[in-house]
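The values are calculated or read from the model by the stated rules, or taken from the named source; none is laboratory data. This one's a predicted model, so the numbers in the text were calculated from it and none came from an experiment. Quick reminder, even Gly has a Cβ in these numbers, built from the backbone with ideal geometry, and neighbours come from all protein chains shown. Heavy atoms of the whole protein, side chains included, go into the accessibility calculation; ligands, DNA and RNA do not. Shrake-Rupley method; radii C 1.70, N 1.55, O 1.52, S 1.80 Å.
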Amino acid sequence: MSNLSRRNVLSLGVALGLVSAASAIPAWASTGGAAAGTDPWWTWDDEVDRLMADILGTGQVPAVNTALRPWVNNSDPLPTGLPADLAGHLRQANRLPSWADATKLRRAADFNRRKDTYLFMLYGLGSGIMSTVIPREAKSVYWSAGGADMQDRAAKTFTFGYDLSDLNAFEPSGQFVVTANKTRLVHAAVRHLLPQSSHWRAVADEQIPISNGDILVTFHSLGTYVHRKLLEWRVPMSAADEEAFLHQWQVAIHLLGVRDEFIPKTWAEADAQSTRVLTPLLSPTTEGKELAEDLLGLTAQIDLGVTRGFLNEFVRYVLSDAVGDWLGLRRDYAAAALVRTGWPAYIAFREGLLPVAPAGFYLFDQFIRAIAMLFLNKVSSPTTTPITIPTGNRPG
Ligand code: HEM
């Protein structure tokens, strides 16, 4: 569908009241409605969406998945056996943008290594659970094929975080550029498939999911949120570290198909955008509550050295009691007190700002290491990635 005809469909939907909740989505720009084609809420990934619609329509997805499976490292040649137009797209998209700064990317990789335990914790428990209170994301994830098997889906999503945080992520021996390109294809397939799901259509406030705006919202729940938390927790970071961390995310969302002009240039811009378009969107949904329970249930199965009550309270601590209440996370007031006082002291000690280990140090240490291991035990083999293009939706 061309951008223009998509917009017509959507405007018609609004006019007929079919996308009634669209008005609940905050305007992107503070100046109000952006002109057609310049509003991230109304921008998708036209060329790739067309390609994937054709591949899905002609039943070529299994063959494409087979061809893509051994394609893993950034320096790997494109696999053979891909449809010509897909190969053409990947040939030009599977590279860093001209504005990528190798020095900043290397610094970001080093920063990720230095702060890895906090990052895994914040991405895993903070951003991961936040995604369940971003209604559009929760509904898309729940009603897509992957929603039926959260363990598998979580493993695939971890691949993205793992590859992004790897020391060589953007280098030829790294894997992130390929992983991001595969993810971009998965998103394009979802844009074609979800509108065919009557379950999704019954709950969605949009007709085509995963706009550039939605991807930016998710970026704010990941990068912008994590950056803010690190500042709040007084984790030492230099200005160059902060800039490098932003740069790595700018490149990542470019690779996911977000137009360069929509990508925030500074943390101040990202924070302002996040306050405008992410914060007011957060709310509970039936789908999100179930996904959160699945995710926390999975996490609790691993020996984290803490009780489920502690896990619930940690989530409340990193995301607020409002979110904890929306998700019905059972209270454990003793654990809450321990987290509130013990966690800041734990960070201060780890960062060399406290001379003696505080009470609860080993509990926090075991917890944080166990969460990190979840990321580091890469579920797949090193020569394949588990990210595959879906062929259908969640059955019902
Ligand atoms: C798939 C990452 C934004 C919905 C994936 C996958 C990854 C990923 C790694 C492949 C793993 C899998 O197949 O489960 C990201 C990142 C984003 C982002 C890093 C932004 C920075 C979004 C948004 C939505 C979304 C905004 C919806 C509003 C989905 C869905 C799937 C998917 C429905 C397919 C699940 C399936 O059925 O297999 N994403 N995503 N994603 N993503 Fe995203």
Row for segment 256-396, column shape: gyration tensor on C-alpha, a ≥ b ≥ c, rounded if a/c < 1.5 i.e. under 1.5, prolate if a/b over b/c, else oblate; value rounded
Long-range HN-HN contacts of residue 29 with modeled amide H, under 5 Å: 34
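For residue 46 and residue 239, what does the FRET efficiency come to when R0 = 45 Å and r is the distance between their Cβ atoms, rounded to the nearest 0.05? Could the numbers behind the result be given before it?
On the way: r = 38 Å, r/R0 = 0.83.
The computed FRET efficiency comes out at 0.75.
Tally Lys and Arg at +1 and Asp and Glu at -1 over the other residues with C-beta under 15 Å from the C-beta of residue 388: what net charge comes out? Before the final figure, lay out each step's value.
Working: positive: 69, 153, 156, 182, 184; negative: 149, 152.
Local net charge: +3.
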From the phi of every residue in segment 228-236, what ³J(HN,Hα) in whole Hz does the Karplus formula 6.51 cos²θ - 1.76 cosθ + 1.60 yield, where θ is phi - 60° and glycine or proline is x? 5, 5, 4, 5, 4, 7, 6, 6, x
Over the chain, what percent of the accessible surface lies on carbon and sulfur atoms, probe 1.4 Å? 57 percent
On the full set of protein chains, 1.4 Å probe, figure out the accessible area of residue 50 and give it in Å² to the nearest 10. 120 Å²
Anisotropy class of the chain from Cα gyration tensor, a/c 1.5 cut: prolate
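To the nearest 20 debye, what is the magnitude of the charge dipole of segment 101-281 about its Cα centre, counting +1 on the Cβ of each Lys and Arg and -1 on the Cβ of each Asp and Glu? It would help to have the intermediate numbers written out before the result.
Details: 20 positive and 20 negative charges, 37 e Å.
Using Cβ point charges on Lys, Arg, Asp and Glu, segment 101-281 gives about 180 debye.
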Student exercise, the chain dipole from Lys, Arg, Asp, Glu Cβ charges, in Debye to nearest 20: 220 debye
What figure in square angstrom, to the nearest 10, would you give for the accessible area of residue 225 with a 1.4 Å probe? 10 Å²
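Could you work out the relative contact order of segment 289-376? I mean the mean sequence separation of Cα pairs under 8 Å and 6+ apart, divided by the number of residues, in percent.
29 percent
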Under the helix-only model (-39500 (n - 2.57) for each DSSP H run of 4 or more, divided by the residues of the chain), the mean residue ellipticity at 222 nm, to 500 deg cm²/dmol, is -17500 deg cm²/dmol
Could you report the accessible area of residue 269 in Å², rounded to 10, computed with a 1.4 Å probe on the protein chains as they sit in the structure? 80 Å²
Could you please state, rounded to a whole Å, how far the C-alpha centre of segment 206-225 is from the C-alpha centre of segment 303-346? 26 Å
Counting only heavy atoms of protein chains, what accessible area per residue, in Å², does the chain have with a probe of 1.4 Å? 42 Å²
Dipole-positive endmost among 212, 155, 200 within segment 152-289 (Cβ charges, Cα centre): 200
Pairing the Cα long axis of helix 46-57 with the longest principal axis of the chain, what angle in degrees results, from 0 to 90 and rounded to the nearest 10? 80 degrees
With all protein chains present and a 1.4 Å probe, the order of 242, 287 from largest accessible area down is 242, 287
Partner lysines for residue 139 [C-alpha distance under 30 Å; skip if fewer than 8 residues away on the same chain]: 156, 182, 229, 265, 289, 378
